[in-house]
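Trainee: Okay, here's the structure, questions in a sec.
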Amino acid sequence: MTDAAVSTGTDESVADFAARAKTWLAQNMPPIDPDHPPFMVRADQQSWDRAKDLQQRLYAGGFAGICFPREYGGLGLDLAYQKAFNVECRNYEMPLILNTPSFTICAATILDVGSEEQKRSRIAAAIRGEEVLCQLLSEPNGGSDLAGVITRADRVGDTWIINGAKTWSTSAFAADYGLMLARTDWTVPKHEGLTMFLVPLAAPGITMRRIKEINGNEEFCEEFFDGLVLDDDAVVGAVNDGWTVATRQLHHERRAVGGGSEFASGTGAENASEMPPDHIGLAEATGQGSDPRVQDLAGRALARRIVKEQLIDHVSASIADGGLPPNAGTLIRLFHAETTELEVDTALAIAGTAGVVDDGSGLLDIGVRYLSRQTGSLGGGSSEMARNVIAERVLGFPREYAADRGVPFNQVKRGR
């Protein structure tokens, strides 16, 4: 490997780029069986340390940040190059856990609305494998109403003082910076008094705790802000225009959750639990391979998976050429969630009691996976909110009634 990122000229064809990547990957990245990927546990710090090391290898070899602009540490190439690289890297270990939320959501949002310094520092550091980014959006009492956040940022002299709490922050314990939405004006309607901040998570005034899920996982975190001091250079976008930033952030999250982001490096599963269930193998293992009902269940799930892959390509291309508005990325997010639920439900239906009671068959993991089957229905807002976005911002339907629309936030009734 070289010590610095290799310069990739724009005159290099996609085929030549792919050929060079193929050679480099074979010489520098650990080979894997893509059907049995290494088990990268998001809740373990060592997984993130490993991912950073792999990302640093990619950067040194000149294959990191393929679709990010050159001035911010990337290669400045279009999606065709990233897709070609994704094909070549399928058989090698990749830092896939850095894709979401660090690259596909946070870095993509900073690229859209961040200051020049934020782009040159945070995006570049992430591409080099030195930093991880996360989101600090949801709140303990907020539910799905992101615009109703009550974490406050008060102007004191030439600084901002942050007080409040965030929750369900994906992989925040492993992150260096987080995009945090806070209320900076309580006298205007809720969407108008918000500001996005880029928060250094090691700063004084932040207490972080891990959240234990029903399946024993501790990937998510909650954060408490008690007198956190930030300077103006932490503001992302404009003061009191945080909803614009959050909207772009949600746009990128909905595309990322469904696998439609150009900033994702590699498209394999992070570990075995992320692999699509092998319904045919499961049917054979349980002696139901010739059962017409089971064959129908497996076929329906497989067909849905194929349609999802085609939908990702169609919607992504249509957004790129202007045929669909950017919010159409929510179609990918919604279909992904519904497909995941169908696949997991089908696997449990085929496994039967073996997926619930440990009978020595090794199928209990299917039941454990079922416990978190709805994760995809919550990321980037619930599926119900996704349907609203599609209806109102893609199809042009009238907006649903909201009692707090246009009402100053300090006059909105809460907690009843």
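The values are calculated or read from the model by the stated rules, or taken from the named source; none is laboratory data. Only a predicted model underlies this, so the values are computations on that prediction, with no experimental measurement involved. Neighbour counts run over all protein chains shown; Cβ positions are idealised from the backbone, glycine included. Surface areas here come from the heavy atoms of the whole protein model, side chains and all, with no ligands, DNA or RNA. Shrake-Rupley method; radii C 1.70, N 1.55, O 1.52, S 1.80 Å.
Trainee: Taking θ = phi - 60°, what integer Hz values does the Karplus form 6.51 cos²θ - 1.76 cosθ + 1.60 yield along region 186-192, in sequence order, with x for Gly and Pro?
Mentor: Along region 186-192, the couplings run 8, 9, 10, x, 4, 6, 9 Hz.
Trainee: Read phi for every residue in region 27-32 and hand back ³J(HN,Hα) as whole Hz from Karplus 6.51 cos²θ - 1.76 cosθ + 1.60, θ = phi - 60°, with x for Gly and Pro.
Mentor: Once θ is set to phi - 60°, the couplings for region 27-32 become 8, 10, 10, x, x, 9 Hz.
Trainee: Further question on the same structure: Compute the length gained on full extension between Ser290 and Glu116: take 0.36 nm times their separation in residues and subtract their Cα-Cα distance, giving the result in nm to one decimal.
Mentor: Values: separation 174, 0.36 × 174 = 62.64 nm, distance 6.07 nm.
Length difference between fully extended and current span is 56.6 nm.
Trainee: With a cut-off of 8 Å between alpha carbons and a minimum separation of six or more residues, what is the relative contact order of the chain in percent? Mind dumping the intermediate values first?
Mentor: Numbers: 734 pairs, mean separation 63.4, N = 416.
Normalised by residue count, the contact order of the chain is 15 percent.
Trainee: Rounded to whole Hz and in sequence order, give me ³J(HN,Hα) for region 71-80 from the Karplus expression 6.51 cos²θ - 1.76 cosθ + 1.60, θ = phi - 60°, writing x for Gly and Pro.
Mentor: Karplus-based 3J(HN,Hα) across region 71-80 equals 5, 10, x, x, 9, x, 9, 8, 4, 4 Hz.
Trainee: Where does the chain land at 222 nm, in deg cm²/dmol rounded to the nearest 500, when only DSSP H runs of n ≥ 4 count, each adding -39500 (n - 2.57), divided by all residues? Don't skip to the end; give the middle numbers.
Mentor: Details: 11 runs with 142 residues, N = 416.
The helix contribution divided over the chain gives -11000 deg cm²/dmol.
Trainee: Ignoring ligands, DNA and RNA, what accessible area per residue does region 51-174 give at 1.4 Å, in Å²?
Mentor: Working: 4130 Å² over 124 residues.
On a per-residue basis, 33 Å².
Trainee: Continuing with the same structure: So how do Leu146, Leu75 rank on accessible area, 1.4 Å probe, biggest first, that is with the largest at the start? Walk me through the intermediate numbers first.
Mentor: Values: Leu146 30, Leu75 10 Å².
Accessible-area ranking of Leu146, Leu75, largest first: Leu146, Leu75.
Trainee: Rounded to the nearest whole Å², what accessible area per residue is found for region 324-416 with the 1.4 Å probe?
Mentor: Details: 5200 Å² over 93 residues.
Dividing the accessible area of region 324-416 by its residue count gives 56 Å².
Trainee: While we're here: Amide H neighbours of Phe68 under 5 Å, at least 5 residues apart or on other chains, H built in the peptide plane: list them.
Mentor: Under 5 Å from the amide H of Phe68: Leu75, Gly76, Leu77.
Trainee: How much of the accessible area of the chain, in percent, comes from carbon and sulfur atoms when a 1.4 Å probe is used? Write down the numbers at each step before the final one.
Mentor: Details: 9930 of 19230 Å².
Result for the chain: 52 percent of the exposed heavy-atom area is carbon or sulfur.
Trainee: Suppose every Lys and Arg Cβ carries +1 and every Asp and Glu Cβ carries -1, with no other charges. What dipole size does region 118-223 come out with about its Cα centre, to the nearest 20 debye?
Mentor: Values: 12 positive and 14 negative charges, 39 e Å.
Taking the Cα centre of region 118-223 as origin, the dipole is about 180 debye.
Trainee: How would Lys52, Lys413 rank on accessible area, largest to smallest, probe 1.4 Å? Can you show the working numbers first?
Mentor: Details: Lys52 40, Lys413 165 Å².
The ordering from most to least exposed comes out as Lys413, Lys52.
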